[in-house]
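**Student:** Okay, here's the structure, questions in a sec.
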Amino acid sequence: MLVRRLLKRVYLRFFSSTVHSWFFRDLLEKTNGFATTSWLGTPICQNMLDLWTIQKTRASVRQVGFAESL
């Protein structure tokens, strides 16, 4: 457990920001900067997973609000 904690600290201190940067740079290159992504016909510059999560959250909040108003 101690080794795992130590490795996590080393990773967070020295490697995390670089890995994060490489991941998003590679993501933008592979997806062409989300050039062809659209939402309901409107061009957007956002990851589809983010949009799906936002839509799912809004739908669940709306359902809860509707149930409480009954």
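The values are calculated or read from the model by the stated rules, or taken from the named source; none is laboratory data. On a predicted model such as this, the values are computed, not experimentally measured, just so you know. Heads up, the Cβs are rebuilt from the backbone with ideal geometry, glycines too, and the neighbour counts pull from every protein chain shown.
**Student:** Taking segment 25-43 only, how many residues are assigned to a loop (DSSP other than H, G, I, E, B) and modelled with pLDDT under 80? Can you show your working first?
**Tutor:** Quick first cut of segment 25-43, residues assigned to a loop (DSSP other than H, G, I, E, B) only: 31, 35-37, 40-41.
Now drop any that are not modelled with pLDDT under 80, which leaves 31, 35-37.
So the answer is 4.
**Student:** Is there any pair linking a residue in segment 12-24 that is at pLDDT below 90 to one that is in a helix (DSSP H, G or I), with Cβ under 9 Å and at least six apart or on different chains, and which?
**Tutor:** So the pair list comes out empty.
**Student:** Identify the residue in segment 1-35 that is small (Gly, Ala, Ser) and surrounded by 11 or more Cβ atoms within 10 Å (Cβ to Cβ) and, among all such residues, is nearest to Gln55 (Cα to Cα).
**Tutor:** Just the residues of segment 1-35 that are small (Gly, Ala, Ser), to begin with: 16-17, 21, 33, 35.
Filter once more, keeping what is surrounded by 11 or more Cβ atoms within 10 Å (Cβ to Cβ): 16, 33.
Working: Ser16: 29, Gly33: 22 Å.
Looking at residues that are small (Gly, Ala, Ser) and surrounded by 11 or more Cβ atoms within 10 Å (Cβ to Cβ), I get Gly33.
**Student:** Pull out all pairs, ordered by first then second residue, where Cβ-Cβ is under 8 Å, the residues are six or more apart or on different chains, the first lies in segment 32-49 and is of a type in the set (Phe, Trp, Tyr), and the second is exposed (fewer than 10 other Cβ atoms within 10 Å of the Cβ).
**Tutor:** Phe34/Cys45
**Student:** Could you list all residues from segment 36-62 that are under 19 Å from Phe24 (Cβ atoms) and either exposed (fewer than 10 other Cβ atoms within 10 Å of the Cβ) or charged (D, E, K, R) (or both)?
**Tutor:** Passing the criteria: Thr36, Cys45, Leu49, Asp50.
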